[in-house]
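To start, the structure itself, in structure tokens.
The values are calculated or read from the model by the stated rules, or taken from the named source; none is laboratory data. Bear in mind the structure is a predicted one, so any value in this text is a computation, not a measurement. Every residue, glycine as well, gets a Cβ built from its backbone with ideal geometry; the counts of neighbours run over all protein chains shown. These accessible areas exclude ligands, DNA and RNA; they are computed on the full protein's heavy atoms, side chains included. Shrake-Rupley method; radii C 1.70, N 1.55, O 1.52, S 1.80 Å.
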Amino acid sequence: MRRFSVITFFVVSGFCVGLFQLASAAESNIAANKQDEAEIHADLTFLASDEREGRDTGSPQILESAYYIQKQFQSIGLTTPQDMPDGLQSFTIPGPSSLGDNNLMKVTIGHDTSEWKIKDDYKVCSFGGAGDVSGEVVFCGYGIVDKENNYDEFAGIDLKGKIALIIRRVPRQEVLGSLYMSKDGKLDTQRAALRSKLQNAQKNGAIAMIMVNDLTSTKEGKDVLIPYGYGGDARGKEIPVFQITQKRASQLLQAGLNKSLEQVVAGIDAELKPQSQLLNRVSFEGKTDIQSESIEGLNVIGILEPKQASETGVAIETVVIGAHYDHVGWGGRGSLAPGVNAIHNGADDNASGTTALLEVARRIAASDEKFTRRFIFIAFSAEEKGLLGSKYYVKHPIVPNKDCVAMINLDMVGRIADEKLTVFGVGSSSIWNKMLDVSEKNTGLKFFRENKAFGPSDHASFYEKKIPVLHLFSGLHEDYHRPTDDIEDVNVQGIRRTVDVLEHLALEVARAPKRPDYIENKKWINVGRHAGGRSRIGLIPDLNFSAEGFALLNVEKNSPAGHAGLKAGDVLVEVNETAIKTRQDFWSVVDPLKPKTQISVKYRRGEDVSQTEVKLGNPR
């Protein structure tokens, strides 16, 4: 009996010690997380403060940001290239442009030549180039190249040395669920983008582009020509771009095709087939007087050599982790708040990605993990000008591109909600899915995985060089490229969880026995239309909550949860009559449901328990 008591004593004592150790480990983990989040918040506060004035490339404020990142890299212990001791890679890009007075547009129909008036008949577009052009005019529909859906408006026409006449936006806009218009009314922004049309025309040999407003956009209003500056400035050696009125476009089409603009649009919409062809009897002469000065961009670079030497004693292969730190300054060109002159702090875009870059560099540099590949951490400038910083880097890499085994990009990771993270580029290598499976399990995040890799962020510059890539992204929102993208709406806890994912992926690649394979996929990501995965609710969990239920740290503004009356501090206790003990209990009920499904939620606020109905939103 006495022996049993002694054994019982030691068993109980051991159990109590085990519980104490678990509790201590949990407290230590919470403390470490809070430390990481404090560092992230400090970085955010500097980069996205009003004092940085939106970090426009070429401004004194982005120079302050570059020096801040440089100082952080130095404090972490990162080194710099031998021929770049300050870690600042300088490059030159065209600065903001202005329109001069020496512009011209002459049109010849048959034997009659007339000079059209600027502002009344046409305008010059800032995103095109300067120069003199003359030649025949070819109608190119909406200027779309879509190999995936076998719709190419440049196929079968000779555009070399000629001028492309292109309609804005996309065909069949008024038909929900049509090829370029989703069922919920979202336009295919990639196909509709002005720069996409310009690039398509230029690649097919056009020496200039003339565009005209689509009929849907002007259905209930005037045919307004866009102001100079709309669409930003040219991002390289662009061809001249003009916009003409619908009246003048109809005049050209009537002369060349014996059809009005309305008739041509109706013909395209009827069968959704290109009607591109040369406009007979029509020729064009034009000049754009665009003036600009050059400005300096700076990429900030830090290197972390491996702690475990390779067989040769020197690391040859490299993993690049990058994020752009520039934004759009005071708005204007690049802003989605037209006419608003205000600081665009870009807290999510992309102070969030820059802080994640700094945080993962801190973690990996301080860790005891062994790896055989070096890390290069890069904060890119001039991303908002057309990925110019990353494009410059891959043309002037500090180690050969052939030795870069992967690039992971962080762009807009500050608005994580519903414990969901979007991962673009999963199809760029066969290694990613297995790694993501482990990260998903370890972090509790739900990934929306998109195989396509080409997209409007810096990873695309590396993928063009046949380097496997990933882009981590928390989703578009109503504050994107607007003055309201501020720190107050950033989910710092979510950035920290993104860094958890990033750290695992980066280390797995850095110590893998074989370099990742490269898989080519030329299809382009349309960020607005490639939202998917978990339906949107707008919940931001309190990860330090240890009791039963799903505690809310915050609720996204203008979200389904917010519209249903849920608030920060609420604890969800039941969903569709299923008790919620953990967050996973909630998601196991909600994840199988489709958007627009209504769910019943019971929640505790203080001592009171209430019920509300939440209508699931479309993923973002």
> Out of (1) within 21 Å of the chain's Cα centre (by Cα); (2) within 20 Å of residue 436 (Cβ to Cβ), the odd one out for residue 514 is which?
Replying inline: (1)
> Of the residues that make up segment 232-255, is at least one at positive phi and surrounded by 14 or more Cβ atoms within 10 Å (Cβ to Cβ)?
Replying inline: yes
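For (1) within 29 Å of residue 612 (Cα to Cα); (2) surrounded by fewer than 19 Cβ atoms within 10 Å (Cβ to Cβ), each residue gets a yes or a no:
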position: 507; (1), (2): no, no
position: 511; (1), (2): no, yes
position: 526; (1), (2): no, no
position: 533; (1), (2): yes, no
position: 538; (1), (2): yes, no
position: 544; (1), (2): yes, yes
> In the set 21, 35, which member is at pLDDT below 80, open to solvent by 30 Å² or more (accessible area, probe 1.4 Å) and assigned to a helix (DSSP H, G or I)?
Replying inline: 21
> What are the residues in segment 201-237 that are β-branched (Val, Ile, Thr) and farther than 23 Å from residue 268 by Cβ, if any?
Replying inline: 207
> From 86, 50, which residue is within 28 Å of the chain's Cα centre (by Cα), open to solvent by 30 Å² or more (accessible area, probe 1.4 Å), of a type outside the set (A, V, I, L, M, F, W, C) and at pLDDT 95 or above?
Replying inline: 50
> Which of the residues spanning segment 548-571 are more than 20 Å from residue 594 (Cα to Cα) and not in a loop (DSSP other than H, G, I, E, B)?
Replying inline: 550, 551, 552, 553, 554, 555, 571
> Across segment 321-348, which residue is nearest to residue 226 (Cα to Cα) among those that are touching an Asp or Glu at 6+ places or on another chain (Cβ under 6 Å) and either open to solvent by 30 Å² or more (accessible area, probe 1.4 Å) or assigned to a helix (DSSP H, G or I) (or both)?
Replying inline: 334
> Residue check, residue 66 against (1) of a type in the set (A, V, I, L, M); (2) farther than 30 Å from residue 545 by Cα; (3) surrounded by fewer than 17 Cβ atoms within 10 Å (Cβ to Cβ), all met but one. Which one?
Replying inline: (3)
> residue 437 is checked against (1) open to solvent by 30 Å² or more (accessible area, probe 1.4 Å); (2) at pLDDT below 95 and fails just one. What number does that condition carry?
Replying inline: (2)
>> Consider segment 156-180. How many of its residues are open to solvent by 60 Å² or more (accessible area, probe 1.4 Å) and either more than 28 Å from the chain's Cα centre (by Cα) or on the phi > 0 side of the Ramachandran plot (or both)?
In response: 5
> Can you pull out the residues in segment 395-427 that are over 19 Å from the mean Cα position of the chain (by Cα), outside any loop (DSSP other than H, G, I, E, B) and in contact (Cβ under 8 Å) with a residue 12 or more places away in the chain?
Replying inline: 401, 403, 404, 405
> For segment 188-199, what are the residues that are surrounded by fewer than 24 Cβ atoms within 10 Å (Cβ to Cβ), free of Cβ contacts under 8 Å to residues at least 60 places away in the same chain and closer than 27 Å to residue 247 by Cβ?
Replying inline: 192, 193, 196
>> I need the full set of residues from segment 488-511 which are assigned to a loop (DSSP other than H, G, I, E, B) and either in contact with a strand residue (DSSP E or B) (Cβ under 6 Å, 6 or more places away or on another chain) or on the phi > 0 side of the Ramachandran plot (or both), in order please.
In response: 491
